[in-house]
Amino acid sequence: MIAIDRDVRKLSPVVPVTASAPVVPSRGIVAILLMVVPLSQIPLDIYTPALPDMVNDFDSSNAMMQNTVTAYMLGMSLALIPVGVIADAYGRKKVLLSCLAIVVLTSLGCAIAGNVPMLLGLRFLQGVGACACMVLSYAVAADCFRGSRLTSISGLLGAAWGLAPVLAPALGGVLVQYMSWRAIFGLIAALAAGVGLLVAVALPETLTVHNRTRIDVAATGSVLAGALRHRVFVSLILVFGLMAAAQLVFGVVGPFLFQEQLDFSPAAYGLVALIVGGANLIGELACSALAVRITPRRLALGAWVVFLAGALVLVISAATIGPSAWAITLGACLALAGCGVLCPQMYGLGLGLFSRNLGLIGGIISAGCYLIVSVAMAAAGILPENSQAPLGWLYIGIGLAAGLLLVWTTSARRLAAAAA
């Protein structure tokens, strides 16, 4: 911990180096965060069952409609660090409310979009606003908790974040089948407005004046450079990004596999997404429960084995029986259960390495993750969608890279230097 505190002091030139205790959380603050954090993911997942219908409505291509996902992810990626810096200077609550207003307005714009360029631009701006729901939820948690308790709360936030792939596609499938894909974006606007009202009324400001930092480009660059020199920190970001990419790639490939290759209706695919998302949610709840009971190494490597098993199911089933609903569902469930453990664990461990500039640090983690995810989304747009084999081989590649990083990052020597 002494070594880490030295790193933190080096990384925080814009604040006093005196350590301060986490803010004591007020009653119900975690419950509010559990409602805020899914709004970063809901706009990404809820409309995926509508992608084939949107291709027809706009007379476009599969790849172009999948780029609406990429545009959203790119907006999030580019805004995460600036939003974190601004929140470190002016507080969490004001910045979160401003970003929720952006989500409301851009969602209404998407609902009435008349062409693909307009939709792409609005999705980019929607991602800019929605990024705050993720990065500031974790920043508020880090203001209030430390150590294994922070990792456990990260697991709870990950579970709430994971409710989006559980419930959102199922709800989106029903809406697109019985109403229109435009109604989906109207619902996103209503959800963001409701959560914004809750934040305005009930969420306290958790960043004390003592811990705020002025906006200083040179100092921010120094913090950023120092964090990116922290090899364990960067490794945690890479694993987080790889696992999040694996999770979200299924969201854009799945509708075409099930609805075009296996002739599922949007509502039927929504049920499959509900099952797969449930497996992801189980993984996130397992992270919350086990983070305070077993070592990070055992938790991480156990989840990695589950993920790799899912990838092997996809590849082997494609070679032996071809496209199969049960095989794709089983493989995706195992893979996403592993992702469900690793994503919040990596975020919590990375954020726990620092005690200052937590908005900026959270922004760095999230930005690195979503930049990796954006690349994966672009790759998903060119993956053949006639079987589960391309998805399975992509998962195997992701799994091998993540496994090597986990073995290095979670070694006893490195964890001893990073544990607190």
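The values are calculated or read from the model by the stated rules, or taken from the named source; none is laboratory data. If you're wondering where the values come from, they're calculated on a predicted model, not measured in any experiment. Please note: Cβ atoms are built from the backbone with ideal geometry, for glycine as well, and neighbour counts cover all protein chains shown. Ligands, DNA and RNA are stripped out before the accessible areas are found, and what is left, the full protein with its side chains, is counted by its heavy atoms. Shrake-Rupley method; radii C 1.70, N 1.55, O 1.52, S 1.80 Å.
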Yes or no: the stretch 42-53 includes at least one residue that is open to solvent by less than 20 Å² (accessible area, probe 1.4 Å) and modelled with pLDDT of 85 or more.
yes
Sort through Ile215, Ile282, Ile237 and tell me the only one that's part of a helix (DSSP H, G or I), of a type outside the set (S, T, N, Q) and surrounded by fewer than 23 Cβ atoms within 10 Å (Cβ to Cβ).
Ile282
Those residues of the stretch 195-212 which are at pLDDT 80 or above and part of a helix (DSSP H, G or I) amount to Val195, Gly196, Leu197, Leu198, Val199, Ala200, Val201, Ala202, Val209, His210
Residue check, Ala200 against (1) in contact (Cβ under 8 Å) with a residue 12 or more places away in the chain; (2) under 23 Å from the mean Cα position of the chain (by Cα); (3) in the same structural domain as Lys94 (by the TED database); (4) surrounded by fewer than 15 Cβ atoms within 10 Å (Cβ to Cβ), all met but one. Which one?
(2)
Search result, residues across the stretch 110-120 that are open to solvent by less than 10 Å² (accessible area, probe 1.4 Å) and touching a residue at least 40 places away in the same chain (Cβ under 8 Å)
Cys110, Leu119
May I ask you to list pairs of residues, at least six apart or on different chains, whose Cβ atoms are under 9 Å apart, with the first in the stretch 132-147 being within 17 Å of Ser77 (Cβ to Cβ) and the second being open to solvent by 10 Å² or more (accessible area, probe 1.4 Å) and charged (D, E, K, R)?
Leu136/Lys93
Looking at the stretch 184-192, can you tell me whether even one residue there is in contact (Cβ under 8 Å) with a residue 12 or more places away in the chain, part of a loop (DSSP other than H, G, I, E, B) and not assigned by the TED database to the domain that holds Gly251?
no
Mind listing whichever residues of the stretch 291-308 are touching a helix residue (DSSP H, G or I) at 6+ places or on another chain (Cβ under 7 Å), modelled with pLDDT of 85 or more and open to solvent by less than 40 Å² (accessible area, probe 1.4 Å)?
Leu299, Ala300, Ala303, Phe307, Leu308
Yes or no: Ala245 in a helix (DSSP H, G or I), of a type in the set (A, V, I, L, M, F, W, C) and surrounded by fewer than 21 Cβ atoms within 10 Å (Cβ to Cβ)?
no
Kindly indicate whether Val30 is modelled with pLDDT of 75 or more, within 23 Å of Ser374 (Cβ to Cβ) and part of a helix (DSSP H, G or I).
no
Among the listed residues Gly158, Gly162, which satisfies the condition of being closer than 30 Å to Ala291 by Cα, crowded, with 22+ Cβ neighbours inside 10 Å, in contact with a helix residue (DSSP H, G or I) (Cβ under 9 Å, 6 or more places away or on another chain) and at pLDDT below 75?
Gly162
Of all residues being among the small types (Gly, Ala, Ser) and surrounded by fewer than 23 Cβ atoms within 10 Å (Cβ to Cβ) in the stretch 126-148, which is farthest from Asn357 (Cα to Cα)? Just the residue, please.
Ser148
Looking at this structure, is Arg123 surrounded by 18 or more Cβ atoms within 10 Å (Cβ to Cβ), among the charged types (D, E, K, R), under 22 Å from Val199 (Cβ atoms) and in contact with a helix residue (DSSP H, G or I) (Cβ under 8 Å, 6 or more places away or on another chain)?
no
Only one of these is open to solvent by less than 50 Å² (accessible area, probe 1.4 Å), modelled with pLDDT of 90 or more and small (Gly, Ala, Ser): Ser317, Ser288. Name it.
Ser317
